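Asks: Mind looking over this structure? Questions follow.
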Amino acid sequence: MKRLEEIYQFNLELFEQCNIKYKQWQHEPILDFETDERVSKQLGLTGTMSKSLFLKLKGGGFALFLTEKDKRLDKHAIKAVLGKRVSICSPEEMTAEIGCVPGAVCPLGLPEHIQIVVDQTMIEKEEILYTPGYPEKTFAFSGSDLPKLLERVENTIHLI
């Protein structure tokens, strides 16, 4: 839980440092798509729900792919920017590496050795929804603010 609190606080500080307006909701833990759909309806969330896939690189290393919830992983596009084949990391290895639980992976506040691959269509979204580590919290912000947030993280960022 200590790591989740660090991720959550990092996200709050990042919004403040970048002077970005955001919204925050508290709700039942979202750990699967069914709960995500139900909570979104209950709260009237209308933004684009993001998906953060934690990936393992062939030969070692990790990356995170940030895209919208319904998009599929294009392993060829990811390999083109990272130079290595990828596979989806096991839940146990992911939790050990970043502290997040499956279904609540936060794209910001990751250890700096983890590369972040961003679907650049996310920048065009009116509102992006994501989980800041805790599965019972959701943040929302304008997609146009995503580049400002990414500039402030220490991770290597790739746009596809």
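The values are calculated or read from the model by the stated rules, or taken from the named source; none is laboratory data. Only a predicted model underlies this, so the values are computations on that prediction, with no experimental measurement involved. Note: ideal-geometry Cβ built from the backbone for every residue, glycine included; neighbour counts use all protein chains shown. Heads up: the accessible areas ignore ligands, DNA and RNA and are worked out on the full protein's heavy atoms, side chains in. Shrake-Rupley method; radii C 1.70, N 1.55, O 1.52, S 1.80 Å.
Asks: Test of the criteria: in the stretch 84-160, which trypsin sites (Lys or Arg not before Pro) are in a DSSP loop and have at most 16 other Cβ atoms within 10 angstrom of their Cβ?
Replies: Lys84, Arg85, Arg152
Asks: Going from most exposed to least, what order do Arg72, Arg38 have by accessible area with a 1.4 Å probe?
Replies: If we order Arg72, Arg38 from most to least accessible, we get Arg72, Arg38.
Asks: I'd like the orientation of helix 33-43 relative to the chain: the angle between its Cα long axis and the longest Cα principal axis, in ° from 0 to 90, rounded to 10.
Replies: Computed tilt is about 30 degrees.
Asks: Just to check, using Stokes-Einstein with a Kirkwood Rh over alpha carbon pairs, what's the diffusion coefficient of the stretch 115-155 at 4 °C and 1.567 mPa s in µm²/s?
Replies: 117
Asks: Got a number for carbon plus sulfur as a percent of the stretch 38-136's accessible area, 1.4 Å probe?
Replies: For the stretch 38-136, the apolar C and S fraction of the accessible surface comes to 49 percent.
Asks: Right, next: Name the residue from Gly143, Ile123, Cys89 whose Cα lies farthest towards the positive end of the charge dipole of the stretch 73-153, charges +1 on Cβ of Lys and Arg and -1 on Cβ of Asp and Glu.
Replies: Most positive-ward Cα: Cys89.
Asks: What are the radius of gyration and Dmax of the stretch 84-127, computed over its Cα atoms and given in Å?
Replies: 12.3, 34
Asks: Please compare each pair in Lys56/Lys79; Lys41/Lys69; Lys125/Lys148; Lys41/Lys148 to a cut-off of 18 Å on the Cα-Cα distance and tell me which ones are over it.
Replies: Those over the limit are Lys41/Lys148.
Asks: Could you please tell me the mean projected area of the C-alpha convex hull for the chain, averaged over all directions and given in square nanometres to one decimal?
Replies: 8.5
Asks: Nearest-5 percent of antiparallel DSSP beta bridges in the chain?
Replies: Restricted to the chain, the bridges split so that about 65 percent are antiparallel.
Asks: With every protein chain left in place, what is the accessible area per residue of the stretch 1-96 in square angstrom, probe 1.4 Å?
Replies: That works out to 62 Å² for each residue.
Asks: While we're looking at this one, here's another question. Against the globular-protein guess of 2.2 N^0.38 Å, express the Cα radius of gyration of the stretch 27-109 as a ratio, rounded to two decimals.
Replies: With N residues counted in the stretch 27-109, Rg over 2.2 N^0.38 Å equals 1.19.
Asks: Determine by what factor the alpha-carbon radius of gyration of the stretch 1-73 differs from 2.2 N^0.38 Å, reporting the quotient.
Replies: Normalised Cα radius of gyration, the stretch 1-73: 1.32.
Asks: Something else: Rank Leu55, Gln26, Val105 by how far each Cα sits towards the positive end of the charge dipole of the chain (+1 on Lys, Arg Cβ; -1 on Asp, Glu Cβ) and give me just the farthest.
Replies: Leu55
Asks: Calculate the radius of gyration of the Cα atoms of the stretch 73-160 to one decimal place, then report Dmax, the largest Cα-Cα distance, as a whole number, both in Å.
Replies: In order Rg, Dmax, the Cα atoms of the stretch 73-160 give 13.3, 35 Å.
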